[in-house]
Amino acid sequence: MDSFEYDLVVTNGICVTATDIATYDVAVKGEKIAFLAPSGSLATANARRIINAEGGYVTPGGVDCHVHLEEPALFGRGTSSDTYETGTRSAIAGGCTTIVAFAPQPKHQPSLLKALEETHARARSNSYCDYGFHLLVGNPGEQALSEFETLVNHEGVSSLKIYMTYAALQLRDDQILSVLLKARQHRIFTMVHAENGDVLNWLTDQLESKKLFAPKYHSHSRPPVLEAEATNRAIALSSLISNTPILLVHVSDPGATRRIREAQSAGQPIFAETCPQYLFLTRSDLEKPGFEGAKCVCSPPPRDKASQDVIWTGVRNGTFSVLSSDHCPFNYDDAQSGKMTCINHEHPVGRFKEIPNGIPGIETRLPLVFSSGKLALTKFVEVTSTNPAKLYGLYPAKGSLIPGVSDADLVVWYPDGNLPNVTLTNSMLHHATDYTPYEGRTIANWPRYTILRGRIIWDRDNGGVLSEKSFGRFVKRGPSNFENMWEVVEEQGEFDVAAL
Ligand code: URP
Ligand code: ZN
Ligand code: ZN
C-alpha cells in the first residue's frame, strides 16, 4: 500500500480547453482528472509523480477520428504501411491519445459484425492509445443493415463511413439512402466521402487515352467540381431522409465548403471535417518531377493556395467542426505494396490511377497545426480534441479536462520559445512509413509529454515512448452528443415517404 495522495500532478501549466485558457495545476487520481488547483499550489504535493510544465500549455489529449490502419487494398493497389502497433505508437508521439479507425467491410462480405470482429483482432493488445471503430460500409445489403442495431447498442460503434467513389467501396445513391435511413433509425452518425466516382473514372480514361499517367494527373482526374457536386448530392440525400445528420470528411474545395456553410446556415445537421493536407500542401506538391508527387496522392487532392485560405477560414468560423489526420499510409519506395506498385516498364513514371490514395499524418497533425499559429489555442483544442470527442460519442471522458469526469489524457507542450525550431524529418517519426509529406518543415513546438489515463506514455526528452502496445483500450462509444444532434432529429420526427 502506498500513501500517495495523487498519482500524478502537472504543475505550472497553462491549461487550454475549447472554451478557456487559465493557469492551473492538474491533479490526477487513478485514471481520471481529480481537480484543477491554483497554479503552483500542488508543486510539493504528495504525488507519485510531479511534472513541472514550466509555463508550457497543457491541452486535452488529441482525438483523431479519421485513421486507417492495417486495411486491405481499397484505395488503389497498395496495403497500409502501418499496423495498429506502429500507427498508434506514432499517434502518442504526436500527442494523440484516442483514435477512431475504420473497420472495413469489403463488398463481397455481407456482415458488418464480421468486419468489426476482424478489426478487433488486429487492434487488440496492439494499440498504444485508446481506440474505437467506425464501420466502413462497402455492402449495405439486408444483413448489414439489420446489424446497425447491434453495432450501436451492443458493440459501442455509433458511426460509419460511406463512399461515393472507389470501385471497392462506392455506393449508388439508392444504397446511400438505405444507409441514411437505417442510420437515422438507430442514431448512427454517417461520414461521407464525397467525390463523384463515375465522373472521375471517366476523366481518368480521358487522361489515359492521352497517355497522361504521371502522379500529377491525379489532380486532373479529380477537379474541385467533382467534390462540390458530390457534397451537394450528399446534402440533398440527407435532407430527403428528414435531415439525417452527416459529416463530409476531408473537405478540400471552396465550392464544397460554401455549400456546407449554406446548409448549416439553413439549420441542416451537416457537419464537416478537414485535414492538414488541405492546410499545408498544395497541388504543386503533386506536380513535383518524376514520381515524387505520388507522396502527396490522396483524395481529394491538395488544391491551390487560395483554397487553402478558404479552408483555414472554414476552420476558424466553425464550418469545419473537426480537423483529423486521415492517416492512410503507404510506403513510397515499395513496389510490392506501396506507392511504387504502379511503376513498370510500360509506365516508368507510374500510373496515377493505380497509386494507392492516402498519406501519413497521425503524428504530425497536432504539432503542425499548433505550430502554425493560425488558430486561437481554444479553437485548436476544439477542432482536434473536444469536437471529435463530442461528434463521435467519446465526450466528456475524452476531449476535456473536467474534474472527476474526464480521463487524465493530457498533452504538455514546451514553454513558448523553449524548444529550438524542429526541422521535421521522417527519421524522427514513429510510424512504419518511409516518408512524410511534410519533410523539411519547421515546427515551433511538439508534445513534450503525452499522458493517457494518468500514465505518462510519451516523454520526448527522457525515453520517448514509455508505454507498451497493450496499454490502449477499446472504447465503447455512445451516440454523438454534438449540438444535441439527435434531439433535433427526434423533434423532426421519423422519415415518412408519404409526407414528401
Ligand atoms: O486519399 C485518401 N483520403 N485516402 C484514404 C481513404 C479515404 O477516403 O479516406
Ligand atoms: Zn475518404
Ligand atoms: Zn480516410
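Worth pointing out:
- Qualifying residue in the stretch 168-180 (condition: under 22 Å from the mean Cα position of the chain (by Cα) and within 14 Å of ligand 3 (Cβ to nearest atom)): yes
- Looking only at the stretch 428-477, and only at residues there that are acidic (D, E) and within 21 Å of the chain's Cα centre (by Cα), the one that is least open to solvent (accessible area, probe 1.4 Å): D434
- Yes/no for S219 being modelled with pLDDT of 95 or more, under 30 Å from S467 (Cβ atoms), of a type in the set (S, T, Y) and within 16 Å of ligand 1 (Cβ to nearest atom): no
- For P215, the criteria (1) open to solvent by less than 20 Å² (accessible area, probe 1.4 Å); (2) under 28 Å from H134 (Cβ atoms) hold in every case but one, which is (2).
- For the stretch 218-234, residues that are open to solvent by less than 30 Å² (accessible area, probe 1.4 Å) and either more than 16 Å from Y163 (Cβ to Cβ) or not aliphatic (A, V, I, L, M) (or both) total 7.
- Residues that are closer than 30 Å to L136 by Cα, more than 15 Å from ligand 2 (Cβ to nearest atom) and among the charged types (D, E, K, R), drawn from the stretch 47-84: E70, R77, D82
- Contact map, the stretch 41-54: residues that are under 11 Å from E5 (Cβ atoms) paired with residues that are surrounded by fewer than 15 Cβ atoms within 10 Å (Cβ to Cβ), Cβ distance under 8 Å, separation 6+ or inter-chain. Pairs shown: A45/E5; N46/S3; N46/F4; N46/E5; A47/F4; A47/E5; R48/D2; R48/F4.
- Filter result (under 24 Å from the mean Cα position of the chain (by Cα) and either within 16 Å of ligand 2 (Cβ to nearest atom) or not in a helix (DSSP H, G or I) (or both)) within the stretch 204-221: H218
- Within the stretch 357-380, residues that are open to solvent by 30 Å² or more (accessible area, probe 1.4 Å) have Cβ atoms under 6 Å from residues that are more than 16 Å from ligand 2 (Cβ to nearest atom) and in a helix (DSSP H, G or I) in these pairs: K374/W312, counting only partners at least 6 apart in sequence or on another chain.
- Screening the stretch 269-338 for helices (runs of 4 or more DSSP H) wholly inside it with 3 or more residues that are open to solvent by 30 Å² or more (accessible area, probe 1.4 Å) returns the ranges 305-317.
- For the stretch 71-111, the set of residues classified as on the phi > 0 side of the Ramachandran plot and at pLDDT below 95 consists of G76 only.
- Being within 14 Å of ligand 1 (Cβ to nearest atom), over 30 Å from A266 (Cα atoms) and touching a Leu at 6+ places or on another chain (Cβ under 6 Å) is a property that does not hold for C328.
- Subset of the stretch 152-162 (residues that are surrounded by 24 or more Cβ atoms within 10 Å (Cβ to Cβ) and without any contact (Cβ under 8 Å) to a residue 60 or more places away in the chain): L160, I162
- If you go through the stretch 116-147 and keep only what is over 17 Å from I188 (Cα atoms) and within 16 Å of ligand 3 (Cβ to nearest atom), you end up with T119, Y131.
- Residue among L203, L180 that is out of contact with any Lys or Arg (no Cβ under 7 Å at 6 or more places or on another chain), open to solvent by less than 10 Å² (accessible area, probe 1.4 Å) and not basic (K, R): L180
- Failed criterion for M191 (all others in (1) more than 13 Å from ligand 2 (Cβ to nearest atom); (2) closer than 16 Å to F320 by Cα; (3) crowded, with 18+ Cβ neighbours inside 10 Å hold): (1)
- Residue in the stretch 181-203 that is farthest from ligand 3 (Cβ to nearest atom), counting only those that are farther than 18 Å from N139 by Cβ and outside any helix (DSSP H, G or I): R187
The values are calculated or read from the model by the stated rules, or taken from the named source; none is laboratory data. It should be emphasised that the depicted structure is a prediction, and the values quoted were computed from it without experimental measurement. Don't worry about glycine lacking a Cβ; one is built from the backbone with ideal geometry, like all the others, and counts go over all protein chains shown. When the accessible area is computed, the model is the full protein with side chains, heavy atoms only, and any ligands, DNA or RNA have been set aside. Shrake-Rupley method; radii C 1.70, N 1.55, O 1.52, S 1.80 Å.
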